[in-house]
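**Q** I'd like to ask some things about the structure below.
The values are calculated or read from the model by the stated rules, or taken from the named source; none is laboratory data. Treat the numbers as computed from the prediction; the structure is a model and nothing was measured. Counting neighbours? That spans all protein chains shown, and the Cβs are built from the backbone with ideal geometry, glycine included.
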Amino acid sequence: MSGFSFNDIYNAYTVHIVVLIGINIIMATSLNLIIGYTGQFNLGHAGFMALGAYSSAAFSVFAGPYLLSILGWSPLSFAEHVGFMAVGAHSSAAWLPASVAEQFVFIIAILLGGLAAALSGLALGLPTLRLRGDYLAIATLGFGEIIQVVIDNTKSVGGATGFTGIPRYSSFFSVYLCAALTLWVVGRMTRSSKGLSFKAIREDEIAALSLGIWNTRVKVTAFVTGAFFAGVGGALFAHFNNYLNSGTFNFLKSIEYVVMVVLGGMGNLWGVGAAAIFLTILSAALRRFSVWRTVIYSLLIIVIMIARSKGIAWKFWKKKEKGVSLSS
Amino acid sequence: MIKFFQQIVNGLALGSIYSLIALGYTMVYGVLRLINFAHGDIYMVGAMVGYYAARIFTGGGSATRLGLVLLSSMLVCGLLGALIERLAYRPLRRAPKINALITAIGVSLFLEYFGQWLFGADPKSFPDLIESQQAFNFHGVVFNNIQLMIFIVSFLLMFGLRFIVQKTKIGKAMRAVSFSHVGSQLVGIPINRIISLTFVLGSVLAAAAGILLGLLNHKIDPLMGLMPGLKAFVAAVLGGIGNIPGALAGGLLMGIAETLVSGYISSTYQNALAFILLIVVLLVKPAGIFGKSSQEKV
Amino acid sequence: MLKPTFRKISWFFLILFCLCFGNACVKHEDSLTVGVFASLTGTTATFGQSMNEGIQLALEEVNQSGGLLGKKVRTVVEDDQSKPEEAKSAVLKLIQQDQVLALLGEVASSRSLAAAPDAQNSKIPMLSPASTNPKVTEVGDYIFRACFVDTFQGSSMARFAYNDLGLRKIAILYDVKNDYSVGLMEFFDKTFRELGGEIVAKESYSENDIDFRAQLTTIKGDAPQAIYVPGYYTEVGLIARQARDLGITLPLLGGDGWDSVKTLEIGGKSVEGSYYTNHYSADDPSPVVQNFIKKYQEKYKKVPDAMAVLGYDAANMLFDAIRRAGSAEGPKIRDSLASTKDFQGVSGKITMDPQRNASKRIVILKIEGGKVKFFKSLEPS
């Protein structure tokens, strides 16, 4: 009998998509802080994600086993770890259940990933601060490309073959917890009175300066915080995917996130979250169009941008009541 | 020593390809302040159209054949450029910069993916319209006639563009538009037409670059514009974006830098070099070699 | 103001939802479903398309001769856009939504590696037609490959270069972004040096590069006797041309990535006198090979390349395994695949070894007089 069974909805594929949505929410929100609120064109967000992913994975794979054995557990073989929940490991004498011990390692890995990305955010943000608009966009694009090349040439994390054997620590729970955290942090940051300074810089840097806002510090804060959460997203992604390849974190990936931010509305916290959900599902839904998927996706980007801009431009036009505005 | 000179020659040859593409980039940025990511893909379309044109125009001497191929390619690309400008960029002229940037990326992706469907993802072999022979052999330092041609053409085009921009009325209009949109409208310049024209010009240049590259390398494919496009943009920034001689200089410089790094340091970091160079330039002198740093007025 | 937009949005999401999961509504109980994941678009689109073409030809034939286990066979083909994370997504969808009984894919080892863990975990046999990196089958006992591994290919060429061509000094120009090329480079390097040869230079490029003169000039300066270029045909023709331009007349050696008409088309005279390792030889007079070439040309109007051959062979190997197992259950198909012995494919007699890699002969081809000719074959030791 043909019909819908429960398994058609709740299965590994849908869980996969749902978890991906969660990770994308983190990525889009962190980028929203940089582009949406602070107006800094960042086309290299995937580079931050990559750093977070690779450093956290390196920790889990290389240092994880030692840490686990200290806690009394011997690490699972790779084959055993490929499951949707970390199945219990073999223990001698442990004072923490296996899954808890592993989550402990995981938390450290995530923090490490976020930290690595944040540091790179600092390294990238500080020198490029005085670049405006397009130039900053290209500099960040370059940053993303450089990160890719560096990863490709690092043998210990797999190089061109990719990084295999990353334990599956991520779960629906951990991903959405981090997503909620990201939303909360970014929300709090931008809604405070200090948070207004982000938007001030986006609107008019010189005016912001004249108001006594320390532009440098605000911009760097945006970059570093955004990078940190991108790193967290990357770490979650790495431990969900079990496999990393530098090709994943390319220019196209950065663009995916930028589209989410612009679609959701620059500086609109919930809007960007919704856009992340929408675009992830859309990408999966387009799969049935096979080869046409990519063509449709690129056309959609153009259409969305034009439609969105008409709306935003109209709003701007209304707000600007100074002087005469010529139309052509 | 011979190796060094050969690498310099290699660098100049590679660089002139970047220069050709950079010229078009810089022109469009000059009038629109928009990084036309799709420029590299128009270059690809130029090469593809040339490929099909060469299969249609089989008669005549090699010069006439080349002329016809160039003409048809330039025509199609010019039209394509104008179309893209009209449909995708004009609606966004007053929108925030980032929207226009993303749209440009969207157009680029569209051309690439659509090209993969239309032309087939397989690389094609560009026909031998001009026989590639060694033009020069000086104590072991070699380069061929097509490389020489590209080098000369990029200089010619640079001077030609410069002439148009500095000495003609249309060029004056272009300069006015690049200075201020509102101001040029106030003095009666039809900016839509001027911008379209600039796009057409840029696209025609890209088409020529595509054909020349097809002659040089014989391999063309739908994704051929991706990397060269990005690198040409870096070259344009290097030389001062919006500056025509700068585009040429930037391209040549980048070609040499890439080649020397690959030859003397490590070939694995060759592609990263373009971007490292970019970041260095942006930090040290954002206006580029020939560019003027402008003060932002309150 | 809110209500209409809310309704519009919910309709939209409903449509999306159906698009996403719609095909789960249709059950195909009267046919056997095999999943195929390939790079039909993106940077390595030509390989995915070729592989799929080979598979589709095999599919057509098996259905024409009555199908398997009394049922028709159908494939669900998913495009992974040449992206590893998409390969994983595609495989998950194929397993969960399309309920495939086996998987065919992928060409690139990086994408096979991305997808294999999920196939292994769901106990769905996965047969990669062309991934040559040894790590792929190490993922688990449900992962197989229909081709030889880089270790075998790289070392075979090294031995051929040393013993048959008498070469002692070789330079390597490989694609650093491509795990296949890196793998071949490493194994060739190791074996050649073990035999007593010298690798005078190791230069690299990235796939889709257009200019190799810098690297070639460096190599020229190091005076090798030959250059090993274990890359894809998309760059090889160009590399050969530019090498000859620079006055390098040395012979070029390569791997199965060379196998395509494009190599000759783009390389022309420049690839004359080159040797490369491959899975099969187009001028092999055996009826299996010639029949395949004829049928492929009839259907697709072009000459098959190595990926098409491997796709065809892998599909047939899978069908044969299902036939021998007499069942469509994962574990039984797996066991049947593992016991494949002397399967006659276009690419030779294939036996599955204990590591689930195909044990089969490798051929050395030479480009002579504008044609690719069979030169020698090496059996697995």
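**Q** Which number in (1) buried (at least 21 other Cβ atoms within 10 Å of the Cβ); (2) at pLDDT 90 or above; (3) more than 9 Å from chain A (Cβ to nearest Cβ) marks the one condition that C:Glu60 misses?
**A** (1)
**Q** Please return the ranges of helices (runs of 4 or more DSSP H) entirely within the range B:178-270 where 3 or more residues are in contact (Cβ under 8 Å) with a residue 12 or more places away in the chain and touching a helix residue (DSSP H, G or I) at 6+ places or on another chain (Cβ under 9 Å).
**A** Where helices (runs of 4 or more DSSP H) fall fully within the range B:178-270 and carry at least 3 residues being in contact (Cβ under 8 Å) with a residue 12 or more places away in the chain and touching a helix residue (DSSP H, G or I) at 6+ places or on another chain (Cβ under 9 Å), they are B:191-217, B:226-239, B:244-260.
**Q** From the residues in the range A:157-189 that are of a type in the set (Gly, Ala, Ser) and assigned to a loop (DSSP other than H, G, I, E, B), which one is farthest from A:Ile34 (Cα to Cα)?
**A** Pass one, the range A:157-189, residues of a type in the set (Gly, Ala, Ser): A:158-160, A:162, A:165, A:170-171, A:174, A:179-180, A:187.
Okay, now just the ones that are also assigned to a loop (DSSP other than H, G, I, E, B), so A:158-160, A:162, A:165, A:170-171.
Details: A:Gly158: 31, A:Gly159: 30, A:Ala160: 30, A:Gly162: 29, A:Gly165: 33, A:Ser170: 26, A:Ser171: 27 Å.
By that ranking, first place goes to A:Gly165.
**Q** Right, another one. Quick one: count up the residues across the range A:272-281 that are in contact (Cβ under 8 Å) with a residue 12 or more places away in the chain and either facing chain C (nearest Cβ under 7 Å) or surrounded by fewer than 21 Cβ atoms within 10 Å (Cβ to Cβ) (or both).
**A** So the count comes out to 3.
**Q** Could you list all residues from the range A:242-268 that are of a type outside the set (S, T, N, Q), in a loop (DSSP other than H, G, I, E, B) and more than 14 Å from chain C (Cβ to nearest Cβ)?
**A** Filtering the range A:242-268 for residues of a type outside the set (S, T, N, Q) gives A:243-244, A:247, A:249, A:251-253, A:255-267.
Add one more test, that the residue is in a loop (DSSP other than H, G, I, E, B), and what stays is A:243, A:265-267.
The answer is A:Gly265, A:Met266, A:Gly267.
**Q** Identify, from the list B:Pro127, B:Pro228, the residue that is within 12 Å of another protein chain (Cβ to nearest Cβ) and either within 26 Å of B:Glu258 (Cβ to Cβ) or crowded, with 21+ Cβ neighbours inside 10 Å (or both).
**A** B:Pro228
**Q** So which residues in the range C:211-224 are surrounded by fewer than 19 Cβ atoms within 10 Å (Cβ to Cβ) and at the interface with chain B (Cβ under 7 Å from one of its Cβ atoms), if there are any at all?
**A** Just the residues of the range C:211-224 that are surrounded by fewer than 19 Cβ atoms within 10 Å (Cβ to Cβ), to begin with: C:221-223.
Once the filter is applied, which keeps residues that are surrounded by fewer than 19 Cβ atoms within 10 Å (Cβ to Cβ) and at the interface with chain B (Cβ under 7 Å from one of its Cβ atoms), the range C:211-224 yields only C:Gly221.
**Q** If you take the residues of the range C:229-260 that are of a type in the set (Asp, Glu) and in a helix (DSSP H, G or I), which of them is surrounded by the fewest Cβ atoms within 10 Å (Cβ to Cβ)? Show your work before the answer.
**A** So the first thing to find is which residues in the range C:229-260 are of a type in the set (Asp, Glu), and the list is C:235, C:245, C:256, C:259.
This time we only want the ones that are in a helix (DSSP H, G or I), so: C:235, C:245, C:256.
On the way: C:Glu235: 25, C:Asp245: 20, C:Asp256: 29.
Among those that are of a type in the set (Asp, Glu) and in a helix (DSSP H, G or I), it is C:Asp245.
**Q** Would it be correct to say that C:Thr263 is in a helix (DSSP H, G or I) and either over 16 Å from C:Asp179 (Cα atoms) or facing another protein chain (nearest Cβ under 8 Å) (or both)?
**A** yes
**Q** Go through the range C:75-89 and give me each residue that's in a loop (DSSP other than H, G, I, E, B) and more than 7 Å from chain A (Cβ to nearest Cβ).
**A** C:Asp80, C:Ser82
**Q** A further question on this structure: Of all residues being more than 28 Å from C:Ser39 (Cα to Cα) and out of contact with any helix residue (DSSP H, G or I) (no Cβ under 6 Å at 6 or more places or on another chain) in the range B:102-135, which is modelled with the highest pLDDT? Just the residue, please.
**A** B:Asp128
**Q** For residues in the range C:33-47 being part of a helix (DSSP H, G or I) and either touching a residue at least 60 places away in the same chain (Cβ under 8 Å) or touching a Lys or Arg at 6+ places or on another chain (Cβ under 6 Å) (or both), which is surrounded by the fewest Cβ atoms within 10 Å (Cβ to Cβ)?
**A** Here the residue is C:Thr46.
**Q** For the range A:8-42, which positions are outside any helix (DSSP H, G or I), within 14 Å of chain C (Cβ to nearest Cβ) and not polar (S, T, N, Q)?
**A** A:Tyr10
**Q** Select from the range A:113-146 the residues that are buried (at least 20 other Cβ atoms within 10 Å of the Cβ), among the aliphatic types (A, V, I, L, M) and under 16 Å from the mean Cα position of the chain (by Cα) and list them in ascending order.
**A** Selection gives A:Ala116, A:Ala117, A:Ala118, A:Leu141.
**Q** Follow-up question, since we're still on this one. Might you check whether a residue that is within 12 Å of another protein chain (Cβ to nearest Cβ) and hydrophobic (A, V, I, L, M, F, W, C) occurs anywhere in the range C:150-158? Spell out how you get there, then give the answer.
**A** Step one: of the range C:150-158, the residues within 12 Å of another protein chain (Cβ to nearest Cβ) are C:150.
Then drop every residue that is not hydrophobic (A, V, I, L, M, F, W, C), which leaves none.
No, the range C:150-158 contains no residue that is within 12 Å of another protein chain (Cβ to nearest Cβ) and hydrophobic (A, V, I, L, M, F, W, C).
Here is a yes/no grid of residues against (1) within 7 Å of chain A (Cβ to nearest Cβ); (2) over 21 Å from the mean Cα position of the chain (by Cα):
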| site | (1), (2) |
| --- | --- |
| B:Val76 | no, no |
| B:Leu83 | no, no |
| B:Ala88 | yes, no |
| B:Ile102 | yes, no |
| B:Gly106 | yes, no |
| B:Phe119 | no, yes |
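**Q** I need a count of the residues in the range C:312-330 that are in contact (Cβ under 8 Å) with a residue 40 or more places away in the chain and among the charged types (D, E, K, R).
**A** Adding up the residues that qualify gives 3.
**Q** Within the range B:166-175, does at least one residue satisfy the condition of being in a helix (DSSP H, G or I), over 23 Å from B:Ile42 (Cβ atoms) and touching a strand residue (DSSP E or B) at 6+ places or on another chain (Cβ under 8 Å)?
**A** No, the range B:166-175 contains no residue that is in a helix (DSSP H, G or I), over 23 Å from B:Ile42 (Cβ atoms) and touching a strand residue (DSSP E or B) at 6+ places or on another chain (Cβ under 8 Å).
**Q** In the range A:168-205, what count of residues is obtained for those that are touching a Ser or Thr at 6+ places or on another chain (Cβ under 6 Å) and modelled with pLDDT under 90?
**A** The total comes to 3.
**Q** Sticking with this structure for a sec: Go through the range A:139-156 residue by residue and tally those that are in a helix (DSSP H, G or I), farther than 15 Å from A:Ile34 by Cα and not acidic (Asp, Glu).
**A** Qualifying residue count, the range A:139-156: 11.
**Q** Additional query: Out of the residues in the range C:101-133 that are within 8 Å of chain A (Cβ to nearest Cβ) and among the aliphatic types (A, V, I, L, M), state the one that is farthest from C:Leu310 (Cα to Cα).
**A** C:Ala114
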